[in-house]
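Novice: Take this structure, written in structure tokens, and hold onto it; I'll ask about it next.
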Amino acid sequence: MERTLVVVKPDAVQRQLVGEIVSRLERKGLKIVAMKMLTLDLPLARRMYAVHEGKEFHEPLIAFMTASPVVAIVVVGNEAIPVVREMLGPTFGPDAPAGTIRGDFGMSRRYNLVHASDSPASADHEIPLFFDESDIQDYPLDAEHWIYAEYKGELI
């Protein structure tokens, strides 16, 4: 199973979309193993978005991400990273198809509701920014055998 970080951004928190976003993740069959609300301070926001340092949108992004609380979530599932990113849709809401989170709720080219790790390496870097390993609850999900089929030892 793969795990990934999902951050419900300030615009989604202010628009009271946290429950809708969490519900979509759970209804898909992904398992939430850690979740908390916090307001990012400048050092954490800069570490989170260091990859974008020097780009024209970096400073506005930092200001946006520190302006209001976010909800950080660790999600686990088979191929969780590409599954979550597909659920979010393209970066910009106006370009995202209906049925995706950004397509259903996003209209901005700057505010895009949710962040999700884009690779296992990113998830490995980003999750510890928000959670200690002891914060992550690894538990059996009784319904998991109804979410995934298994064939010859592989989830299908």
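Novice: Do we have any residue at all in region 4-15 that's in a strand (DSSP E or B), of a type outside the set (A, V, I, L, M, F, W, C), more than 12 Å from the chain's Cα centre (by Cα) and surrounded by 17 or more Cβ atoms within 10 Å (Cβ to Cβ)?
Specialist: no
Novice: Considering each residue of region 60-79, count those that are in a strand (DSSP E or B) and either basic (Lys, Arg) or under 14 Å from Phe130 (Cα atoms) (or both), and give that number.
Specialist: 6
Novice: Then there is this: Inside region 16-40, can you point out the residues that are of a type in the set (D, E, K, R) and assigned to a strand (DSSP E or B)?
Specialist: Lys31, Lys36
Novice: Are any residues in region 56-96 of a type in the set (A, V, I, L, M), over 30 Å from Pro43 (Cβ atoms) and more than 16 Å from the chain's Cα centre (by Cα), and if so, which ones?
Specialist: Within region 56-96, just Ala96 meets the criteria.
Novice: Would you check if there is a residue in region 41-59 being at pLDDT 95 or above, surrounded by 18 or more Cβ atoms within 10 Å (Cβ to Cβ) and part of a strand (DSSP E or B)?
Specialist: No, region 41-59 contains no residue that is at pLDDT 95 or above, surrounded by 18 or more Cβ atoms within 10 Å (Cβ to Cβ) and part of a strand (DSSP E or B).
Novice: Also, I was wondering about something else. Could you grab me the full set of residues in region 138-156 that are in a loop (DSSP other than H, G, I, E, B), at negative phi and either surrounded by 10 or more Cβ atoms within 10 Å (Cβ to Cβ) or not aromatic (Phe, Trp, Tyr) (or both)?
Specialist: Matches in region 138-156: Asp138, Pro140, Leu141, Asp142, Ala143, Tyr148, Ala149, Ile156.
Novice: Evaluate region 62-79: report whether one residue or more is surrounded by fewer than 18 Cβ atoms within 10 Å (Cβ to Cβ), at pLDDT 95 or above and among the charged types (D, E, K, R).
Specialist: Yes: one or more hits.
Novice: Which residues, taken from region 80-135, are surrounded by 15 or more Cβ atoms within 10 Å (Cβ to Cβ), free of Cβ contacts under 8 Å to residues at least 60 places away in the same chain, part of a helix (DSSP H, G or I) and not small (Gly, Ala, Ser)?
Specialist: Within region 80-135, Val83, Arg85, Leu88, Arg102, Asp104, His125 meet the criteria.
Novice: Still on this structure, I have one more. So if I check each of Met48, Met37, which one is in contact with an Asp or Glu (Cβ under 8 Å, 6 or more places away or on another chain) and closer than 21 Å to Pro69 by Cβ?
Specialist: Met48
The values are calculated or read from the model by the stated rules, or taken from the named source; none is laboratory data. All figures in this text were calculated on a predicted structure; none of them were measured in a lab. Virtual Cβ from ideal backbone geometry, glycine too; neighbours counted across all protein chains shown.
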